[in-house]
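Below: the structure, in structure tokens.
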Amino acid sequence: MTSGGSGDDTEAAAAAVEAANRALYDALEQGDYEALAALWLDGDVSVVHPGWPVLRGRGEVLRSYALIMANTEYIQFFLTDVEVSVVGDAALVTCTENILSGGPSEADGSAGELIGGLVVATNVFRRDVDGVWRVWSHHGSPVIAEDTDEPDDAAAADPDGDAGEGSTGPEG
């Protein structure tokens with residue numbers, strides 16, 4: 001955790017921001033719309049969910065979370081690489097969301113398929129007039145992981161592993 005400025009006040013603010021950030025993810029995991037709504041500022045806020053366009057305004061932002069909650073049977077966030085920076089009444093949190101989510105239950109009542117994913121997120125907080133840190137903006141970008149189970153192009157093109165030996169390709 002890092003913070004701009006100095007002193008116990010800034011460290012306390014950074015700890016409060018980190019707690020507010022965790023509360024955001026806890027509300028999502030629990031599907032608690034009211035708790036999530038209480039964490040967002042009124043007015044000019046924005047969100048970018050992975051693969052979505054920018055949504056602006058409290059109504060649009062909260063509607064997007066309601067849709068996500070309504071269509072997600074199970075979700076859990078393991079946050080890593082969390083960095084907090086506080087400057088005055090604004091704070092920036094960057095982190096990696098290691099997400100485990102599941103689809104609807106199977107017909108026999110068993111859990112649906114679980115899917116993992118990585119998202120890098122930037123959460124911007126602002127201290128409200130009541131002194132509480134609230135979310136101003138959230139931006140999540142998916143991390144495209146290379147599939148290590150697939151052979152690379154060179155190995156796929158040369159399964160015997162003798163590339164270059166007697167090659168008559170464009171280079172040779």
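The values are calculated or read from the model by the stated rules, or taken from the named source; none is laboratory data. This structure is a prediction, so every number in the text was calculated from the model and none was measured. Heads up: the accessible areas ignore ligands, DNA and RNA and are worked out on the full protein's heavy atoms, side chains in. Shrake-Rupley method; radii C 1.70, N 1.55, O 1.52, S 1.80 Å.
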Report task. Please give the contour-minus-distance gain from LEU118 to ALA15: 0.36 nm per residue of separation, less the Cα-Cα distance, rounded to one decimal in nm. Result -> 34.6 nm
Query raised in the report: Two-decimal Rg/Rh of the range 51-155 from alpha-carbon positions, Kirkwood Rh?
Result: 1.07
Query raised in the report: Dividing the convex hull volume of the Cα atoms of the range 99-141 by its residue count, what figure in Å³ per residue is obtained?
Result: 103
Requested in this report: Determine the shape class of the range 76-127: with a ≥ b ≥ c the square roots of the Cα gyration tensor eigenvalues, call it rounded for a/c under 1.5, and otherwise prolate if a/b is greater than b/c, oblate otherwise.
Outcome: prolate
Query - Å² of accessible area per residue within the range 33-124, as computed with a 1.4 Å probe and no ligands counted - result: 54
Report summary line: Taking a ≥ b ≥ c as the square roots of the Cα gyration tensor eigenvalues, with a/c under 1.5 meaning rounded and otherwise prolate when a/b beats b/c or oblate if not, the range 1-106 comes out prolate
